[in-house]
Amino acid sequence: MKPQRLSFLSRITPCSISRTKLTRRILMAGCRSVTTIILPALIEADTLRSQKPTMRASQLTKAQCCTRRLARAIIFTHLIHGFGNYPMACLARIVCLPIYLAFPPHLNNGIYLMNEKFPAQGYKDNVLSDCFADAQRYFLDHYLDVDRAHVVMLAEQKIITADELEIILRAIEGLNVEEMRNAEYDGSVEDLFYYIQREIAAGCGDADIAGKLHTARSRNDIDVTIYRLYLRKQTLDLIEACTALRKVFLDLAARHHNSLMPAYTHTQPAQPTTLAHFLLAMAENTSRDIQRLQRAFKNMNRCPLGACAITTTGFPINRYRVAELLGFDEPTRNSYGSIASVDYFTELLGSTSTLLINVGKFAQEFLLMSMVEFNVIRLPDGYVQASSIMPQKRNPVAIEHVRAIASKALGQTLGVLTSVHNTPFGDINDVEDDLQPLNYSAVRDSIRAVSLLGHALGAAEFNLELLRQRSEANFITVTELADTIVRKENLPFSKAHAIVADCVKRSSKADGNVTFDILQQAAKETIGRTLNLTEDELAETLSAENFVEIRSIYGGPAPEETKKALDEQRNLETNDNTWLIDRRSKLKDARNQLNKLTLR
């Protein structure tokens, strides 16, 4: 026999009353109330709602209050018992849900909204007001640019007359944009788009002429266009911040080709390198980030206008012309994808996520280097803060903020990507007004983190003498000793490695330095003979300068190689700066052309 499943109701009611009996009692009371309470209450409520759609709890009659309580009680019982487990619970649902829906309680002080016209108060408060404010902040200017470009194209294609074009353009130019930007949402229109169209219609003085502005377009293609317009500017700003950070790395590297420092693996001293080699690694990371962002910009900078709802239009519009006037490289190719695709921002966020991971790792590295125990980097006074109680403190808060802001931005990018990964491939609110501001916040915070890191490091000072000392401590150069033994003695590297490992172990037990005698002892113990290596050769082999200079192959830390790498990065810097200037120049030219055609 299966064990009886105890519901929540079973646990909160006396043992003498079974679940079924309790359900039956409540339901019988409900049925008796249908003729005595419920029907009169429904009639009275319908009359009240026709006179005043919004009713508060204080305005309800006693019968209506009883009805609401009864419906809640029976539905509560039904929910506890579980739909389908008890026939009586099913019947309770049939009886009660119409009653419950007739008096739906709003979460805010019992407001009843069944017959309220659009927008319902709850929808206005929790969706439309916020979306309207976001649109005012991010999209107002872009909406107007889209209107101007679209109406010019309509006139050029003879879809509207020159006179109608003139009337609409004058109405747009006559808008009080700042007043519109600061307007409070009152629910008289659905969103900023309709608010703008209403204001344009008022300026035209003829609603029919104003209505022609919306020929051959939809909010669908308008919205994805303005989203791209805002994001592409942010993308250029982020690329500019990255080029500035890379310049800081390159300028520092140019001064430190011969500045020795220890490289670490697994947080332990590994091998000598140079500060230039270390900083160029960060510069190259940033260059790749810039390339990824440039690719994202290229794919983003295509114009969806003309896709209309999702299948274009029967009007003879010119999508290339609108794209040109708005500074896009070209129209999007497929109208369905113009509306349904989200990769125009997910590609950007993916590239941004990689950038933020890099920035976070850079920040962590510099924070460790600034610790007293490391003591190899000192930030400028303007980027550290004191303690309110400890006079000696010099906290590297700027780099901490870099790490925090980058982490915040990364969380936002991952949140957006998670939000859209399983949404329908079409026009859907999930990827629109509620989500877009998070894109902009993520990119803005990315710009902040990158810019702050560059400013903080620009005037930082490195403890070069301490770095040099550490580049020869902790047996950090003995990899080259093993390599030298391989070359000089014609031994396999495994044997040379074993000799040096034994030498290090013996030296650690002595004074911590590799000596000629200890090395020969280790060799005799390992291979049965001494090495053909002089003391002078040993000293040169263990030199950090020699270690770095001999590693002159492509990508190595030798000064001659890091200088070549620096030159390559400088060329990339020039090309990227030219690219950035060119992109901004094209956008500026497009705006000038649009202004010339539309400003009266």
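The values are calculated or read from the model by the stated rules, or taken from the named source; none is laboratory data. In this text, all values refer to a predicted model and were calculated from it rather than measured experimentally. Reconstructed Cβ throughout: ideal geometry from the backbone, glycine too, with neighbour counts over all protein chains shown.
Among the residues making up the range 159-173, a single one is under 29 Å from residue 124 (Cα atoms) and small (Gly, Ala, Ser): 171.
Restricting the range 422-445 to residues that are buried (at least 22 other Cβ atoms within 10 Å of the Cβ) and more than 8 Å from the chain's Cα centre (by Cα) leaves a set whose member that is nearest to residue 365 (Cα to Cα) is 445.
What residue, among those in the range 487-508 that are outside any helix (DSSP H, G or I) and of a type outside the set (S, T, N, Q), is nearest to residue 533 (Cα to Cα)? Among residues in the range 487-508 that are outside any helix (DSSP H, G or I) and of a type outside the set (S, T, N, Q), the one nearest to residue 533 (Cα to Cα) is 491. The condition (being over 30 Å from residue 308 (Cα atoms), modelled with pLDDT of 50 or more and surrounded by 18 or more Cβ atoms within 10 Å (Cβ to Cβ)) is satisfied by just one residue among 99, 94: 99.
Any residue in the range 350-363 that is in a helix (DSSP H, G or I), crowded, with 20+ Cβ neighbours inside 10 Å, in the same structural domain as residue 420 (by TED's automatic domain parsing) and touching a strand residue (DSSP E or B) at 6+ places or on another chain (Cβ under 7 Å)? No, the conditions are met nowhere in the range 350-363.
So which residues in the range 255-280 are among the small types (Gly, Ala, Ser) and surrounded by fewer than 17 Cβ atoms within 10 Å (Cβ to Cβ)? Once the filter is applied, which keeps residues that are among the small types (Gly, Ala, Ser) and surrounded by fewer than 17 Cβ atoms within 10 Å (Cβ to Cβ), the range 255-280 yields 263, 270.
Only one residue in 419, 370, 407 is touching a Pro at 6+ places or on another chain (Cβ under 6 Å) and surrounded by 12 or more Cβ atoms within 10 Å (Cβ to Cβ). Which one?
Being touching a Pro at 6+ places or on another chain (Cβ under 6 Å) and surrounded by 12 or more Cβ atoms within 10 Å (Cβ to Cβ) holds for just one of 419, 370, 407, which is 370.
Screening residue 306 against (1) in contact with a Cys (Cβ under 9 Å, 6 or more places away or on another chain); (2) of a type outside the set (Lys, Arg); (3) surrounded by 24 or more Cβ atoms within 10 Å (Cβ to Cβ) leaves a single unmet condition, (1).
Considering the conditions (1) touching a Pro at 6+ places or on another chain (Cβ under 9 Å); (2) polar (S, T, N, Q); (3) over 30 Å from residue 430 (Cβ atoms), residue 220 is excluded by exactly one of them, (3). Scanning the range 131-176 for residues that are without any contact (Cβ under 8 Å) to a residue 60 or more places away in the chain and surrounded by 15 or more Cβ atoms within 10 Å (Cβ to Cβ) yields 133, 136, 140, 144, 155, 160, 164, 165, 167, 168, 171, 175. Taking the listed residues 574, 526, 562, the one that is hydroxyl-bearing (Ser, Thr, Tyr) and surrounded by fewer than 18 Cβ atoms within 10 Å (Cβ to Cβ) is 574, with no other qualifying. Under the condition of being touching a residue at least 60 places away in the same chain (Cβ under 8 Å) and either part of a helix (DSSP H, G or I) or crowded, with 23+ Cβ neighbours inside 10 Å (or both), the residues counted in the range 313-326 number 5.
Just one of the listed residues (426, 411) is small (Gly, Ala, Ser) and closer than 20 Å to residue 226 by Cα, and it is 426.
When residue 486 is tested against (1) modelled with pLDDT of 95 or more; (2) exposed (fewer than 15 other Cβ atoms within 10 Å of the Cβ), only condition (2) is not met.
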